[in-house]
1. For the chain, what is the charge dipole size about the Cα centre, in debye to the nearest 20, if Lys and Arg each add +1 at the Cβ and Asp and Glu each add -1 at the Cβ?
2. Please order Cys75, Cys68, Cys157 by the number of other Cβ within 10 Å, starting at the fewest.
3. Based on other C-beta atoms within 10 Å, arrange Ile41, Ile115 from fewest to most.
4. Quick one: longest stretch of the chain between exposed loop chymotrypsin sites (Phe, Trp or Tyr not before Pro), exposed meaning at most 14 other C-beta atoms within 10 Å and loop per DSSP?
5. Percent antiparallel among DSSP beta bridges with both residues in the chain, to the nearest 5?
6. Taking the Cα-to-Cβ direction at Glu98 and at Thr45 and moving 7 Å from each Cα, how far apart do the two end points lie in nm?
7. Calculate I(q)/I(0) for region 1-150 by the Debye formula, one identical point scatterer on each C-alpha and no solvent, and give its log10 at q = 0.10, 0.14, 0.17 Å⁻¹ to two decimals.
8. May I ask you to sort Met124, Met153 by Cβ crowding, counting other Cβ atoms within 10 Å and putting the fewest first?
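Here, each number is a calculation from the coordinates, and none is a lab measurement. Just so you know, these numbers come straight off a predicted model, no measurement behind them. Backbone-built Cβ (ideal geometry, glycine too); neighbour counts: all protein chains shown.
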Amino acid sequence: MSLALATNAGVRPTAELVAKYDGRAPRYTSYPPATQFSAQIDAQTYGLWLHDLPVEQAVSLYVHIPFCARLCWYCGCNTRAVNRHEPVGDYVRLLLDEIALLGAALPGRLPVGAIHFGGGTPNMLSTGEVDAIFDRLGQVFALTADVDVAVEMDPPC
Ligand SMILES: C[S@@+](CC[C@H](N)C(=O)[O-])C[C@H]1O[C@@H](n2cnc3c(N)ncnc32)[C@H](O)[C@@H]1O
Ligand code: SF4
């Protein structure tokens, strides 16, 4: 999945949370982690979950850009090295379609508290592609000027 949606907007780390999770744990980069994925959660179940989201509650969005110019030897991320831009452009077109499909399944234009771009390295995107993603997100979600936007990246890529 290239686009994920979560309803944890507004949750901030506290000393209690940090103490609770201050231990060794498996590295996972999504919640629920991939080990919890199963065929029991099918498209119909996912569709019902989306449809039942409260329209007034802010959601958080995660946009995955799985491309890098070269791979770091230790990398455990979901990414691949590309030496031309075409696969990135193809992926962005599919991502825009997926955002539209998500919009059709939601009960309305949900407010957004946070958007996180991860990868891979989202600086593989052109400025035009970033604009297109924000335009499409703005058609589907109620984006406000104070939305928290974060991006993880490897600048040399
Ligand atoms: C998901 S990566 C993507 C962002 C960007 N491309 C980068 O390298 O910072 C974000 C973080 O995951 C870390 N990472 C990658 N592979 C890892 C691994 N096998 N174990 C632990 N951290 C890892 C990277 O060092 C980086 O800090
Ligand atoms: S830049 Fe980040 S995502 Fe890309 S290969 Fe290196 S660690 Fe992995």
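1. 440
2. By the 10 Å Cβ count, ascending: Cys75, Cys157, Cys68.
3. The most exposed by this proxy come first: Ile41, Ile115.
4. After excluding every exposed loop site, the longest remaining stretch is 75-157.
5. Working: 4 of 18 bridges.
Restricted to the chain, the bridges split so that about 20 percent are antiparallel.
6. A separation of 2.0 nm, rounded to one decimal place.
7. -0.41, -0.82, -1.17
8. Arranged by neighbour count, lowest to highest, Met124, Met153 become Met153, Met124.
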